[in-house]
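Throughout, read-outs are computed from the coordinates displayed, never taken from laboratory work. Just so you know, these numbers come straight off a predicted model, no measurement behind them.
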Amino acid sequence: MWRDFFGENARIIGIDLNPNAKRWEEYGFEIFIGDQSRPEFWREFVKHVDSFDILLDDGGHTNLQQLVTLYEMSNCVNNDGMIVIEDTHSSYEREFGNPGRLSFVNISKRLIDLLHLRFNGYGKSEGNFGNLISVEYFESMVAFKFRTTDNPENSLTLNRGENLMNKDFRYSNHNKVLRFFQDLEKLLSFNYLTVGGSKPYLKLFDILIKNTTAKRILMVTTSPMHRLTQIIIGQFLKFESVMFLFKNKLRK
């Protein structure tokens with residue numbers, strides 16, 4: 001089946017705990033005997049295989065087996081390659097010690113956070129998952145895709161340096177207090193392109209931050225206030241979300 005799917009020139013490798021699986025080598029497959037839950041096995045394995053395009057885990061389905069396989073092999077995936085973990089419904093079965101906080105599916109959800117926190121360096125070091133570009137969930141299956149080349153970092157685009165002074169409508173339906181803190185946060189972070197209006201104080205601010213020395217002084221003096229405005233805005237928005245969820249739960 002695998003030869004028909006991947007083609008005659010594909011290098012197809014099997015891994016199994018059962019030594020009898022070696023018999024499949026007579027059909028042109030490479031077979032390694034080992035325990036996928038042992039990092040030592042994978043580290044020895046890559047000495048012979050080096051890298052791969054697709055790893056399909058249809059092994060023992062325990063949390064440890066799936067996690068060790070994903071973690072140890074994530075650095076060995078070729079560009080645009082994938083690691084696919086099958087039978088992830090085991091994360092909800094009692095015989096595998098699940099469901100629980102440390103199930104494979106729950107741990108895999110943390111990688112979604114890493115993907116989003118990568119923007120502007122919000123997150124911590126990603127270790128083995130710096131090249132991860134997507135996580136896809138299917139019924140009883142999770143697919144992890146990796147990119148090792150041409151993976152530029154996200155960055156803010158500022159209209160080729162032109163200040164268009166466009167108005168920010170995100171908070172147009174909020175109260176005046178929140179709009180005030182939003183404008184203040186934009187100013188204190190030197191990202192006021194969307195505050196809106198050709199206000200005189202914005203033109204003065206624009207002149208100041210173009211001066212390197214003045215910008216450094218402003219960053220030091222305004223940094224605490226900037227963090228405070230972010231906290232206040234965050235609490236406003238968190239309260240809105242809580243109220244939305246609360247109201248919708250009551251309507252069920």
Considering amide H positions built from the backbone, and no H for Pro or chain starts, which residues 5 or more places from Gly34, or on another chain, come under 5 Å of its amide H?
Asp16, Leu17
Can you tell me, using C-alpha contacts under 8 Å and at least 6 residues apart, the relative contact order of the range 35-146 as a whole percent?
27 percent
Compactness of the range 1-121, expressed as Rg and Dmax over alpha-carbon positions, Å
15.8, 52
In sequence order, what are the phi-derived ³J(HN,Hα) couplings for the range 2-17 according to the Karplus relation 6.51 cos²θ - 1.76 cosθ + 1.60 with θ = phi - 60°, rounded to whole Hz, with x for glycine and proline?
5, 5, 5, 6, 8, x, 5, 8, 6, 8, 10, 10, x, 10, 8, 7
